[in-house]
1. Output wanted: per-residue J couplings in Hz (rounded whole) for segment 67-77, from phi through Karplus 6.51 cos²θ - 1.76 cosθ + 1.60, θ = phi - 60°, x for Gly and Pro.
2. If a/c stays under 1.5 just call it rounded; otherwise compare a/b with b/c (prolate if a/b is bigger, oblate if not). Do that for segment 19-84, with a ≥ b ≥ c from the square roots of the Cα gyration tensor eigenvalues.
3. Could you run the Karplus curve 6.51 cos²θ - 1.76 cosθ + 1.60 with θ = phi - 60° over segment 32-38 and give me ³J(HN,Hα) per residue in whole Hz, x for Gly and Pro?
Amino acid sequence: MQPTSVPLAADWITIGTGLGTDVKTLIFNILIPVLCGVFVLVVGFKTRAPGPTLMAVIFAGVVWGLSANMATIKDTTGDTVKQYDGGGGYTVIQGDQ
């Protein structure tokens, strides 16, 4: 019996990359803002108090804002890692521990 042909992995990688970009866009542009709004509504209706609802709005705003600025956070984190790579530019004297 002859083995059947198997599609190349490059095709699946291309499909996965395209799907990943679409899914990432869907999550960051639609799903996170909708879930933040649902979170605020649920807290507001469950507690019926302004304090917890206001804190839920602040928390949802922080989550939404951080998810919207992932590129900036990535760049800042990368800069921090580069800055502190190799001891942060400070020389460590042996026995100074």
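1. Taking θ as phi minus 60°, the curve returns 5, 6, 10, 4, 5, 5, 5, 4, 5, 5, 5 Hz for segment 67-77.
2. Values: a/c = 5.10, a/b = 1.68, b/c = 3.03.
Oblate shape, in that a/c is at least 1.5 and b/c is the bigger or equal ratio.
3. Once rounded to whole Hz, the list reads 5, x, 5, 5, 5, x, 5.
Values quoted throughout were computed directly from the atomic coordinates according to the rules given, and no laboratory measurement underlies them. Quick caveat, the model's predicted, so the values are computed rather than measured.
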